[in-house]
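Below is one structure; the comments refer to it alone.
The values are calculated or read from the model by the stated rules, or taken from the named source; none is laboratory data. Note that the coordinates shown come from a computational prediction; the quantities given were computed from them, not determined experimentally. Because the Cβ atoms are built from the backbone with ideal geometry, glycine has one as well, and the counts that use them run over all protein chains shown. When the accessible area is computed, the model is the full protein with side chains, heavy atoms only, and any ligands, DNA or RNA have been set aside. Shrake-Rupley method; radii C 1.70, N 1.55, O 1.52, S 1.80 Å.
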Amino acid sequence: MIAALAFYLFAAILLVSAVMVVTARNPVHAVLFLILAFFNASALFLLAGAEFLAMILVIVYVGAVAVLFLFVVMMLDVNFSQLREGFQRYAPIGAAVGLVLLVELALVLGGWKFAPGAASLRMAPIDPAVDNTRQLGQLLYTDYVLLFQAAGLVLLVAMIGAIVLTLRDRQTSRHQVIARQVARHPHETLVMMEVKTGAGVAELGILRPPVDEPEPAGDAHESHGHGGGH
Amino acid sequence: MIEFLKTPAGFAILTLVQALSLLVPLLILVAYLTYAERKVLGAMQLRKGPNVVGPFGLFQPFADAIKMLMKETIIPTGANRALFIMAPMLTFSLAMIAWAVIPVNDGWAIADINVGVLYLFAISSLGVYGIIIAGWASNSKYPFMGALRSAAQMVSYEVSMGFVMVTVLLCVGSLNLNDIVTAQTRLWFAVPLFPMFVIFFISTLAETNRSPFDLPEGESEIVAGFFVEYSSMSFALFFLGEYANMILMAAMTTILFLGGWLAPFGIAPFTWLPGPLWFFLKICAVLFVFLWVRATFPRYRYDQLMRLGWKVFLPFSLFYLVLVAGVLLAFGWLPNA
């Protein structure tokens, strides 16, 4: 009874917050509602006995992905009137995509009706004695390890692609070379001088920095970059 | 009586009592952690620290609490009201709910769940929301800067923390916190996994925004960071949440590496003390190092912080994870193999 009540509570909050994600005027509120939706989905997982999936959903989506979403959305300066201008133009495309998704969903759900074999697959027998973390590990790392690794490779390629597309080595930026900083000794950079009282420092040339050692060829553009650009 | 406790109402009352018996000592510990911090910092800087209110200044935390309660709660006009009020509550309650799975003694956890470590990791990764929402809802420059810093920092250090936890889990073969502690009966994980212990401790410093990684607050650069606009009780909730988080992280370090409630070496004079007391003492020892670090190191620069997280800790913890897995496999030490 309590489980059923909890299910309806979480499912209702999930649906309402999912609707709010699309309808909220403020994008930051939309992301926060998305987080609420994730939370309730994870609670539903818990009710279904999939505690590993529930925790991973919170760790990966709420703890990492949504933080970055929020990070980006907060920094964007969104112009709402401009956003609405495009609505008329893109509405047909959006509707078409939505329709395709709807048909796909209907096919997936209707599949149980059309293909009787699918219904039995849906209820794949799981051993109640083994906890579901172990079962997931068995499936991913033992039975389907090749597919799992292939998926990992696809993600790796995507990651490298994203880095290659966005990384520009700006020649003007000054990098800190920690190894060189650590390798320097005081006697290379510091000179002790005897200054006569009242003689001043200008004529002695004390304020002139000691001659720098030649820079390594690789980073010649940062001639005085020892301290880092800060 | 036993019959009554098995009914839903009895179960609810039992859980409430359990939660209170954990949270009330925790809040007192938080109060005295602020006192201990000021005393320890005072001693390390050759000052006296609080010594006026009560004997040895022992009532100072309560005086502070009353001062906070009496002050006016100010909500800036430009702030997003609902989120502004929600953020400190979120920080505080997240710091509290994580304690549900912490075992204080063998089997003494309010919820002894199978995925305890993941639960702790999930809750600690949510801590960033309190800060980021506070920074944004304040609608002010410094809090926003603090929030951005904090978001980047906490996401970065979570990665290496995750790898450290996976290494520990490899040696245990279970995600249950109780199993993790009992697996250390013969040898605490701090010994064979010492480098990971150090990485985990430093990551917890970054995760709790403690010095030398307190850039989200960085009072010399961005005033007080994400809680510039907060006053009175809303500020006090942030304060409590932050210190409760410190205690939580110390408890995590104790459970993962220092053998939880187990007495050192498991021999006679040490085993006379009960388990919860050992757990408490170990937490206090870790917390002392938190304070010690604060008195010793200057604040990191932001690029240094990012470099340490991504270029030093991440590759090293990944390498050590593979090394530990290889060693366990090669010598046949894998649990449940």
Probe 1.4 Å, accessible area per residue of region A:1-76, Å²: 54 Å²
Can you put B:172, A:72 in order of accessible area, largest first, using a 1.4 Å probe? A:72, B:172
State, in angstrom, two size descriptors of the protein assembly as shown derived from its alpha carbons: Rg to one decimal place and Dmax to the nearest whole number. 27.6, 102
The Cα radius of gyration of region B:150-305, divided by 2.2 N^0.38 Å with N its residue count, comes to 1.14
What is the Å³ per residue value for the convex hull set by the Cα atoms of chain B? 167 Å³
Ranked highest first by the average count of other Cβ atoms within 10 Å around their residues, in what order do B:291-297, A:163-169 fall? B:291-297, A:163-169
What does the structure give for B:73-84 when I average, per residue, the other chain Cβ atoms found within 10 Å of the residue Cβ? 1
Specify the angular offset, from 0 to 90 degrees and rounded to the nearest 10, of the alpha carbon long axis of helix B:275-296 from the longest principal axis of the alpha carbons in chain B. 50 degrees
How much accessible area per residue does chain B have, counting only protein heavy atoms and a probe of 1.4 Å, in square angstrom? 46 Å²
Here FRET efficiency (C-beta to C-beta, residue B:66 to residue A:115, R₀ 60 Å, nearest 0.05) is 0.30
Computed on protein heavy atoms with a 1.4 Å probe, what is the summed buried accessible area for the chain pair B and A, in Å² to the nearest 100? 2300 Å²
Carbon and sulfur: what percent of the protein assembly as shown's accessible surface (1.4 Å probe)? 72 percent
Computed P(r) (all Cα pairs; region B:92-231; 5 Å bins; percent): 2, 10, 16, 18, 18, 13, 10, 7, 5, 1, 0
Number of Lys pairs in chain B with C-alpha atoms less than 22 angstrom apart, excluding same-chain neighbours closer than eight positions? 4
Within 10 Å of each Cβ in peptide A:55-61, how many partner chain Cβ atoms are there on average? Round it to a whole number, please. 5
Counting helices only, and only those DSSP H runs with n ≥ 4, report the 222 nm mean residue ellipticity of chain B as the sum of -39,500 (n - 2.57) divided by its residues, in deg cm²/dmol to the nearest 500. -22000 deg cm²/dmol
Apply the Karplus parameterisation 6.51 cos²θ - 1.76 cosθ + 1.60, with θ equal to phi minus 60°, to every residue of region A:48-57 and state each ³J(HN,Hα) to the nearest whole Hz, in sequence, with x for glycine and proline. 7, x, 9, 5, 5, 4, 4, 5, 5, 4
Along the positive direction of the dipole of the protein assembly as shown (beta-carbon charges: Lys, Arg +1; Asp, Glu -1; about the Cα centre), which of A:161, B:232, A:103 reaches farthest? B:232
Which FRET efficiency, nearest 0.05, do residue B:333 and residue B:311 yield, Cβ-Cβ r, R0 35 Å? 0.70
Which chymotrypsin sites (Phe, Trp or Tyr not before Pro) does region B:106-135 hold that lie in a coil by DSSP with at most 16 other beta carbons within 10 Å? B:108
What is the magnitude of the charge dipole of chain B about its Cα centre, with +1 placed on the Cβ of each Lys and Arg, -1 on the Cβ of each Asp and Glu, and no other charges, expressed in debye to the nearest 20? 600 debye
Explain nothing, just compute: Karplus ³J(HN,Hα) = 6.51 cos²θ - 1.76 cosθ + 1.60, θ = phi - 60°, for every residue of region B:184-195 in order, whole Hz, x for Gly and Pro. 9, 4, 7, 8, 5, 5, 4, 7, x, 10, 4, x
Rg (one decimal) and Dmax (whole number) from the Cα set of region A:12-101, in Å, equal 15.6, 46
Give the residue list of trypsin sites (Lys or Arg not before Pro) in region B:1-82 that are DSSP loop and have at most 14 other beta-carbon atoms within 10 angstrom. B:47, B:48, B:71
Tell me whether region B:221-337 comes out rounded, prolate or oblate; compute the Cα gyration tensor, take square roots of the eigenvalues as a ≥ b ≥ c, and use a/c under 1.5 as the rounded threshold. oblate
One finds, for residue B:288 and residue A:180 with R0 = 30 angstrom and r their Cβ-Cβ distance, a FRET efficiency to the nearest 0.05 of 0.25
Interface residues of region B:118-152, defined as losing at least 50 Å² of accessible area versus the chain alone with a 1.4 Å probe, are B:118, B:126, B:129, B:132, B:136, B:148
